[in-house]
Amino acid sequence: MIRGVRGAITVSVDQPEEVLKETQRLVLEMAKENNIEPDDVASVIISTTTDISSAFPAKAVRTIAEWTYVPVMCTHEMDVPGSMPLCIRVMMHVNTVLGQQDIHHIYLNEAIKLRPDLSAKSQVSST
């Protein structure tokens, strides 16, 4: 069965090095916490807030060892007034036998505020 694994992270500045580093950090943490192998991933959709435009976050995923052939696409998030700035969101579609309640969604940096209910779960498993 395919399940969605969600994640989000913020960057402190829109610079290519930081966008790529933090995107890779998020994706690797999502994979680690959910025991995801690249062959299990059907696709990855990455969105950024419109204030991120210095780099394609998909490049960060394609440069991870063994992730070269995972289909990845980038898009911009809706520009809603008052939304969290400098945020990268990931939706990973994964073949898994895990139930919805067993998926660990990962929220890092300021993005923890987006889903405190799920962030508490991921913080417990990450520590």
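The values are calculated or read from the model by the stated rules, or taken from the named source; none is laboratory data. Here the structure is a predicted model, which is why all the values come from computation and not from measurement. Because the Cβ atoms are built from the backbone with ideal geometry, glycine has one as well, and the counts that use them run over all protein chains shown.
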Worksheet item: What's the number of the condition Ala65 fails, among (1) in a loop (DSSP other than H, G, I, E, B); (2) modelled with pLDDT of 95 or more?
Response: (2)
Fill in: Checklist (1) in contact with a strand residue (DSSP E or B) (Cβ under 8 Å, 6 or more places away or on another chain); (2) under 20 Å from Leu114 (Cα atoms); (3) without any contact (Cβ under 8 Å) to a residue 40 or more places away in the chain applied to Val72, failing item
(2)
Worksheet item: Only one of Ser47, Ser12, Ser53, Ser43 is touching a Lys or Arg at 6+ places or on another chain (Cβ under 9 Å), farther than 20 Å from Asp117 by Cα and not basic (Lys, Arg); which?
Response: Ser47
Worksheet entry | Condition broken by Ser122, with the remaining ones in (1) surrounded by fewer than 18 Cβ atoms within 10 Å (Cβ to Cβ); (2) modelled with pLDDT under 95; (3) closer than 25 Å to Val41 by Cβ satisfied | (1)
Worksheet item: Does region 39-46 contain any residue that is buried (at least 21 other Cβ atoms within 10 Å of the Cβ) and touching a Ser or Thr at 6+ places or on another chain (Cβ under 8 Å)?
Response: yes
Worksheet item: Which residues, taken from region 65-124, are aromatic (Phe, Trp, Tyr) and either closer than 18 Å to Val5 by Cβ or in contact with a Cys (Cβ under 6 Å, 6 or more places away or on another chain) (or both)?
Response: Trp67, Tyr107
Worksheet item: Looking at region 65-124, which of the residues that are touching a helix residue (DSSP H, G or I) at 6+ places or on another chain (Cβ under 7 Å) and of a type in the set (Ser, Thr, Tyr) is farthest from Glu18 (Cα to Cα)?
Response: Thr96
Worksheet item: Mind checking whether some residue in region 43-61 is of a type in the set (D, E, K, R), farther than 19 Å from Ser83 by Cα, without any contact (Cβ under 8 Å) to a residue 60 or more places away in the chain and not in a helix (DSSP H, G or I)?
Response: no
Worksheet item: Only one of these conditions is not met by Gln101: (1) closer than 17 Å to Leu118 by Cα; (2) free of Cβ contacts under 8 Å to residues at least 40 places away in the same chain; (3) among the polar types (S, T, N, Q); (4) in contact with a His (Cβ under 7 Å, 6 or more places away or on another chain). Which number is it?
Response: (4)
